[in-house]
1. Could you list, in sequence order, all residues of the stretch 55-84 that are buried (at least 19 other Cβ atoms within 10 Å of the Cβ) and under 30 Å from residue 236 (Cα atoms)?
2. Which strands (runs of 3 or more DSSP E) sit wholly inside the stretch 58-158 and have at least 2 residues that are modelled with pLDDT of 85 or more and under 23 Å from residue 185 (Cβ atoms)?
3. Name, by its number, the condition in (1) in a loop (DSSP other than H, G, I, E, B); (2) under 16 Å from residue 224 (Cα atoms); (3) over 17 Å from the mean Cα position of the chain (by Cα) that does not hold for residue 16.
4. Is one or more of the residues making up the stretch 140-150 in contact (Cβ under 8 Å) with a residue 12 or more places away in the chain and more than 20 Å from residue 97 (Cβ to Cβ)?
5. Could you figure out which of (1) surrounded by 15 or more Cβ atoms within 10 Å (Cβ to Cβ); (2) closer than 30 Å to residue 78 by Cα isn't true of residue 199?
6. Please find, within the stretch 134-150, the residue that is surrounded by the fewest Cβ atoms within 10 Å (Cβ to Cβ) out of those that are under 20 Å from the mean Cα position of the chain (by Cα) and on the phi < 0 side of the Ramachandran plot.
7. Looking at 7, 52, 27, 22, which one is under 17 Å from the mean Cα position of the chain (by Cα), closer than 30 Å to residue 199 by Cβ and surrounded by 22 or more Cβ atoms within 10 Å (Cβ to Cβ)?
8. Could you please find all residues in the stretch 210-234 being assigned to a loop (DSSP other than H, G, I, E, B), without any contact (Cβ under 8 Å) to a residue 40 or more places away in the chain and within 19 Å of the chain's Cα centre (by Cα)?
């Protein structure tokens, strides 16, 4: 599914100097697996998610990224979306003046067009939206509101799970999707993600805390620090990290 080999990434700082953030990331996430990345602030977690999604300000200076054997580094963000990459943001943006139904219709048909598929008609989209919103407990009223405008933190994250459910990506990245959520909202988001787990789809879950991994059970856990993966293990690694903190693992890797 996703193979990343020796990935090095830089970004231009405010003083126009290049700063290396990712310093040789290697990851192999097979189809059907959920991998979690945990790490302290500034370790490069969000940078990795942005690079996977294709944000232009990040420059890949070395290494490869492949989805099902196809190099995605030179792909534009919309091409990656059509190929099956999805990113759920840590802080979803607001889009005043665009209601949820219109946004979803435009997003789905843009991806279908990029893939060379026929666009869904209004009735087909309405049926799909109603089915997915019912599964996630999203009200019809929410579909009439502007995208994320006035939404609570939980509503914004639930909205992203709705988008993911409708787009049905091959590979989904969740960038600290538990940020700012109470337990009820966290469970709703996790239930939506778990409903999408399948042998044909893989996930990369980026988080600070073990609590999300109580609900979205990972197959593999990686610890990221200073732009490098310093330790990889099973789900028990997240529990060990919660108990010991990052400092001990960073010392061991030094």
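1. Those that are buried (at least 19 other Cβ atoms within 10 Å of the Cβ) and under 30 Å from residue 236 (Cα atoms): 65, 67, 84.
2. 85-88, 95-99
3. The single condition residue 16 does not satisfy is (2).
4. No: zero hits.
5. The one condition residue 199 does not meet is (1).
6. For the stretch 134-150, the residue satisfying everything is 136.
7. After ruling out the rest, the residue left standing is 52.
8. 215, the sole residue that qualifies.
The values are calculated or read from the model by the stated rules, or taken from the named source; none is laboratory data. Since this is a predicted model, take the numbers as computed values, not measurements. Glycine gets a Cβ as well: all are built from the backbone with ideal geometry, and neighbour counts include every protein chain shown.
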